[in-house]
Amino acid sequence: MSDGRLAPAPHLGAEQLGDFSSSDRRMLTIAGFAVVVGVLGALVAAALYDLIGFFTNLFYFGRLSVASVPPANTWGVLSIGVPVAGGLVIGGMARFGSERIRGHGIPEALESILIDRSRVAPRLAVLKPISSAVSIGTGGPFGAEGPIILTGGALGSVFGQFLALTASERKTLLVAGAAAGMAAIFNTPVAAVLLAAELLLFEWKPRSLVPVGVASATATLLSWYLVPAHGFGALFPIAATAAPTGAILAGAAVVGVLAGALATLLTRAVYFFEDAFRRLPIHWMWWPAIGGAVVGVGGLVVVESLGVGYGGICALLGCSNAQLTAVYPAVEITLVFVVTLLVVKAIIWAVALGSGTSGGVLAPLLIVGGSLGVIEARVLPFGSTPLWVLVSMSATLGGTMRSPLTGIVFAVELTHDVNALAPLLVAGVIAYGFTVLSMDRSILTEKVARRGVHVAREYSVDPLERIPVRAVMHTAVRPADGDLTVEEALRATDGSERTGAGLALLGENGRSEGFAFRGDLERFLALGGDPTTRVRARAVPLASATYPDEPLRIAADRLVQLGGAAVPVVDPGEPAHVIGFITREAPFEARVQWNEQERRRERLLGWPLGPALRRRRHRRATGNVGPPRDEAVPPRP
């Protein structure tokens, strides 16, 4: 109840509102925490590199070392048993440790955000990198980025759980850890932030983008010193490609279509094999071992299909990373080799991922997409082989993950080839559009959807932020004496319009001192309230008022805080003057208006020759030389 001295809420009209709704200084505090998360992400990325090297040396060469080496068929046909052994270890870790280590990690990060309020069990931060290192170290055809995204996210979440944070702030630290891990693995800080924005944050706000960017930059800086393959430059540096031409952009469009088709095929293959494994009459802990047998056979056919495949990516691109070329043996890029690599890598990756083992998706997509690019380079009569390999890699990645901006920037950061930006854009958006039309969900969200959680990937400004209060407010407000009883007030507004009526309660000085809504008064009586209660006692103070030029989102927030059925709308120039009110139905009414803008099609301007063409068609159809009926000349007065 207002006592006449309460001032209305601050006016937040167009001149008072900022571009962003979350511009408070709390963002700086979270950014400070993100520095710590970035450091942790870089340390874990370096540890994962060493773990992969350790298990590769142990299982394939029988030695204790953390040196980075590619898998090799050192045991002959018995090398098939190496991925099988890795699958047995991973199955046991998933069965007796945590089932969430299965898969490539990003769906699990999504689930933590969408279902568990960004809370991740601490043991996952330990089990996921170990299981992934075992999987990749025993020949699994995966990249390290998916596991490190989940591991970094787990570290960010665990760190946040030691602090007094909201679920949104904890989500920001989880995503900051995920971005830090990816940035440290690939030396791609901007692409890591874009992946976070396109896939994990579910918003585009300073409160989250700033901390995520800070974490990604911190992890990248440390990775220059901690990850030997990085140095201070690109992971896969190539000579700058030629400036794009119209022919190259046309070729990029073709590459985009083929990449979209490949992305669709790969996604469906993964879930085809996952469904096939589900039909097996054995426990899921044995599935990774079966997938490992397929991986082992594939390794006998083309050994470059095993492991993270950085050497294969470098060979396809013709990159000049001395650290990688010193570790990975030279490969002759023939058409037979490329076709074999594409087919074998795609099959063993889809089978292994469908079996539920642990590993990432980015590096395999680069190899498969790059192999397709080599084939395309043999057909397209213009552009260089490195260009088409890079464009196909990026488009396949962006189309499969439904993250086109990530794919484009990722390719540039991996190679530092800025000249490729335009063809990357053309191919990336076409592949993205192809997969949007050909599949309901991406490879990252299909698994989450199968667990009953819908993931919306479209971001837009809240319609309540764009529609002003005046567009949906009701103006049926009557002045009334605050000393009226509830019963008298209801009688005074009897017969009002369907939306009810509002009462501007006048004080002794004749100025509004509060507001009462008919619906609130009716509910008061329905709950057994005394009908002789003064309506002033049930009034909403003008301190809770909103203004006609404020976004409807502010009025909706005040409705929630007040817990009532309506809030008054006051004149900005005279805050004691009630000019309308907003009810709980206002957001629905705003949605109706917004839906009409989205769906209603109308032609506002006519084509200059339109009427003439319509008359010509009319004459041909009817033989009548007069104008169509809807264009008939009105009779003279």
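In table form, for the structure just shown:
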| quantity | calculated |
| --- | --- |
| Qualifying residue in the stretch 226-238 (condition: over 21 Å from the mean Cα position of the chain (by Cα), assigned to a helix (DSSP H, G or I) and surrounded by fewer than 24 Cβ atoms within 10 Å (Cβ to Cβ)) | yes |
| Residue match in the stretch 609-617 (condition: part of a loop (DSSP other than H, G, I, E, B), loosely packed, with under 14 Cβ neighbours inside 10 Å and at pLDDT 70 or above) | no |
| Filter result for the condition that a residue is among the polar types (S, T, N, Q) and buried (at least 18 other Cβ atoms within 10 Å of the Cβ), over Thr445, Thr475 | Thr445 |
| Pairs where the first residue, in the stretch 435-460, is not assigned by TED's automatic domain parsing to the domain that holds Thr400 and the second is part of a loop (DSSP other than H, G, I, E, B) and polar (S, T, N, Q), C-beta under 6 Å, 6+ apart | Val455/Thr445 |
| Matching option when the condition is part of a helix (DSSP H, G or I) and crowded, with 24+ Cβ neighbours inside 10 Å, among Val295, Val257, Val308 | Val295 |
| Residue in the stretch 522-539 that is nearest to Asp494 (Cα to Cα), counting only those that are under 48 Å from the mean Cα position of the chain (by Cα) and exposed (fewer than 13 other Cβ atoms within 10 Å of the Cβ) | Ala526 |
| The one condition in (1) part of a loop (DSSP other than H, G, I, E, B); (2) under 15 Å from Ser384 (Cα atoms); (3) of a type in the set (A, V, I, L, M) that Leu249 fails to fulfil | (1) |
| Count of the stretch 535-568 residues which are under 15 Å from Phe581 (Cβ atoms) and charged (D, E, K, R) | 3 |
| Some residue of the stretch 512-520 being touching a helix residue (DSSP H, G or I) at 6+ places or on another chain (Cβ under 6 Å), in contact (Cβ under 8 Å) with a residue 60 or more places away in the chain and either charged (D, E, K, R) or buried (at least 20 other Cβ atoms within 10 Å of the Cβ) (or both) | no |
| Filter result for the condition that a residue is more than 22 Å from the chain's Cα centre (by Cα) and either at pLDDT 95 or above or of a type outside the set (Phe, Trp, Tyr) (or both), over Val374, Val436 | Val374 |
| Any chance Ile582 is modelled with pLDDT of 80 or more and more than 33 Å from the chain's Cα centre (by Cα) | yes |
| Residue count for the stretch 181-216, restricted to those that are closer than 20 Å to Thr415 by Cβ and part of a helix (DSSP H, G or I) | 13 |
| Of all residues making up the stretch 60-104, the number that are more than 34 Å from the chain's Cα centre (by Cα) and among the basic types (Lys, Arg) | 1 |
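The values are calculated or read from the model by the stated rules, or taken from the named source; none is laboratory data. Remember, predicted model here, so these are calculated numbers, not experimental data. When we count neighbours, we look across all protein chains shown, and the Cβ atoms used for this are built from the backbone with ideal geometry, even at glycine.
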